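Asker: The structure under discussion is supplied below as structure tokens; questions concerning it will follow.
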Amino acid sequence: MLHIENLEIRAETRLLSSVDGFRVDEGKTYGIIGESGSGKSLFLLALMGLLPKNLSVTGTITATVLGEQKDLLKASASEKRQLRGKWMGMVFQEPMSALNPQRTCGWQLLEALSVYEKLAKDAAKMRCTDALRSVGIEDPERIFSAYPHQISGGQRQRVMIAMATIHKPKLVLADEPTTALDPITARQVMDTLTRVCASLGSSLVLVSHDLSLVAAYCENLTVMRNGSVITSGNTNQILNSTTKHPYVQELLDAIPSGKRTALTDKDSVFEVKDLSKVFVKDKQKFQALKQVSFRLKKGEGLAVIGFSGSGKTTLAKILTGLEPSDEGQVVFNGESILQKRPTGIQMVFQDPFSSLNTELTNRETVLEVLKLNGKAIEEVENKVQQLFNQVGLDTMLLDKYPHQLSGGQRQRLCIARALAGSPQVLVLDEAVAALDPLVQKQILDLLINIQEKTGVIYIFITHNHEAAEYLCHQFVKLDSGSVMEFGKY
């Protein structure tokens, strides 16, 4: 149903993505893995006809639609609009930037539904809430009436998945659809996606950094690096062959393993005492946090785990002064900091694109923090380059803008910006979720090295248990805003 030949995407003379001989058959599942910036997302955008105008694309994308073959690269804007949503749907990588912040999730679902189906108001709403329920949202009525900023990152991702599959398209393109989800919900979402595709004879093309997810759900696998395909074929053969491609072996070896040595000779310097938070909407109360407490030593890392919507991000916002608490205290070095603005705690946000100023260059993004922290002019330029090198960003990207980076590159920029403030406490909200295994391991090792040198405290919000155990000394598990478990790794 889809055949790509000699596809090349360029920015002027620079090759960004090159794919040749990629075929998609009806009812099959295809995985695409590779490092950040390797051209995976650009490939999906080319299929959708959504590439930025400053990029040139050549080759052929032949799609079989209702028995008729079409070259998607030669299709008119009108023809492409008829294909998007109905024949092929896409789950974008960053739901906060893909969703409209001024409209409720329900309004946006209804809009997507109304493009091809005109239903009565009640029938349309029922169709949308059923779509939300099918992707694992337990309270679809609340999510339907909520704005994107009022729900968790995982819930936003599931709204995007519901929107992409509401018309049951023949081809589903999913760009990191489970990045923000806990492992159980990720599997539920993938079960939903694959079940819908199987029932309709539809195909799924999944871009992911999660090798275990790709291995479990994709029959075929394409591996990309530096903009080009380096190997493609049966997933099992590529991942489990005794003669693996060296880069595939690197990816497998980069999966975090091991535990941190417990800190036993230090006193606690950071304490959270009985934090509670209640949100009220339409006269209904929602308990986001309920008497959450923990203590940390200098140089210690705490993993905050739990299902999407369990209160992890609310906790992070309170600690950084972005959200007031209803009850409780946060004490650092004997001083209560909840009433202090700023709190001195830095944060790496879950959704990198929405947390960056798109009008600032990447250089200016980091420079701004350094200048606010009183760095001399002659110091800051070298420091910016050092930070870029630390997080694995090419200094050629310094004068680019956030929209010119891949999702993983944007996340690394956010980490560099946070480190520029020399924080004593750093909250990392899914800070490595958007990174490929090699860069993820590099960033985790970097964070450990920085912590050992500076004694910075990490509060690591994550769904990745391997990464949590590798980086952190302790964990706290939240469920419906309450601490369900606390322990050491």
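Laboratory data are not the source of any read-out in this text; all were calculated from the coordinates shown. All of these numbers come straight from a predicted model, not from anything done at the bench. Positions of Cβ are generated from backbone atoms using ideal geometry, with glycine treated the same way; all protein chains shown enter the neighbour counts.
Asker: For the pair Ser480 and Lys168, how long in nm is the line joining their label points, each one 7 Å along Cα→Cβ?
Answerer: Each label point is offset 7 Å from its Cα along the Cβ direction, giving 3.5 nm.
Asker: Straight-line reach only, C-alpha to C-alpha below 13 angstrom: list the aspartates and glutamates that Lys290 could link to, leaving out same-chain residues fewer than 8 apart.
Answerer: Result set, ordered by chain and number: Asp274, Asp326, Glu327, Asp479.
Asker: While we're looking at this one, here's another question. Counting DSSP beta bridges in region 2-253, what percent are antiparallel, to the nearest 5?
Answerer: 55 percent
Asker: In region 266-299, what trypsin sites (Lys or Arg not before Pro) fall in a loop by DSSP, with at most 11 other Cβ atoms inside 10 Å?
Answerer: Lys283
Asker: Taking 0.36 nm per intervening residue step and subtracting the Cα-Cα distance, what contour gain separates Ser114 from Leu322 on full extension?
Answerer: 71.2 nm
Asker: Follow-up question, since we're still on this one. Would you mind checking the pairs Lys277/Lys317; Lys86/Lys121; Lys297/Lys317; Lys86/Lys168 and listing those with alpha carbons more than 18 angstrom apart?
Answerer: Pairs exceeding the cut-off: Lys86/Lys121; Lys297/Lys317.
Asker: Students often forget the sequence filter, so: which lysines lie under 25 Å Cα-Cα from Lys375 once same-chain residues fewer than 8 apart are removed?
Answerer: Lys298, Lys340, Lys383, Lys400, Lys453
Asker: Show me the trypsin sites (Lys or Arg not before Pro) within region 89-124 that DSSP assigns to loop and that have at most 16 other Cβ atoms within 10 Å of their Cβ.
Answerer: Those satisfying the criteria are Arg103, Lys118.
Asker: For Asp479, what residues show an amide H to amide H distance below 5 Å, using hydrogens built from the backbone and excluding near sequence neighbours?
Answerer: Answer set, sorted by chain and number: Met484.
Asker: Nearest 10 degrees is fine. How inclined is helix 437-454 to the longest principal axis of the chain, computing both from alpha carbons?
Answerer: Roughly 10 degrees, rounded to the nearest 10.
Asker: Roughly how many whole Å is it from the C-alpha centroid of region 155-175 to that of region 200-269?
Answerer: What the calculation gives is 23 Å, centre to centre.
Asker: So, one more: List the aspartates and glutamates whose Cα lies under 20 Å from the Cα of Lys259, skipping any in the same chain that are fewer than 8 positions away.
Answerer: Glu300, Glu430, Asp445, Glu452, Glu466, Glu469, Glu485
Asker: Restricting to the chain, what percent of DSSP beta bridges are antiparallel, rounded to 5?
Answerer: 55 percent
Asker: If you filter region 315-369 for GluC sites (Glu not before Pro), then keep DSSP loop positions with at most 13 other Cβ within 10 Å, what is left?
Answerer: Hits after loop and neighbour filter: Glu359.
Asker: Give me the three principal axis extents of the chain from the C-alpha atoms, as integers in angstrom, largest value leading.
Answerer: On the principal axes, the chain reaches 71, 53, 45 Å in Cα extent.
Asker: Now, a different point. Could you pull out which residues in region 425-468 have an amide N less than 16 Å from a spot 7 Å beyond the Cα of Asp253, following the Cα-Cβ vector?
Answerer: 437-442
Asker: Still on this structure: When the Debye formula is applied to the Cα atoms of region 2-253, each taken as the same point scatterer, what base-10 log of I(q)/I(0) results at q = 0.13, 0.17 Å⁻¹?
Answerer: -0.83, -1.37
Asker: What is the Cα centroid distance between region 398-448 and region 286-315, reported in whole angstrom?
Answerer: Each part's Cα centre sits 21 Å from the other's.
Asker: How many nm is it between the label spots at Gln102 and Gln237, if each spot is 7 Å from the Cα in line with the beta carbon?
Answerer: Distance between the two pseudo-spin positions: 5.3 nm.
Asker: Looking only at region 209-246, which residues have a backbone nitrogen under 17 Å from a spot 7 Å from the Cα of Asp25 in the C-beta direction?
Answerer: Answer for region 209-246: 218-222, 232-238.
Asker: Place a point 7 Å from Cα of Asp265 in the direction of its Cβ. Which residues in region 394-437 have their backbone N less than 19 Å from it?
Answerer: none
Asker: Multiply the residue separation of Lys281 and Thr58 by 0.36 nm, subtract the distance between their alpha-carbon atoms, and state the gained length in nm to one decimal.
Answerer: Extra length from Lys281 to Thr58 when fully extended: 75.2 nm.
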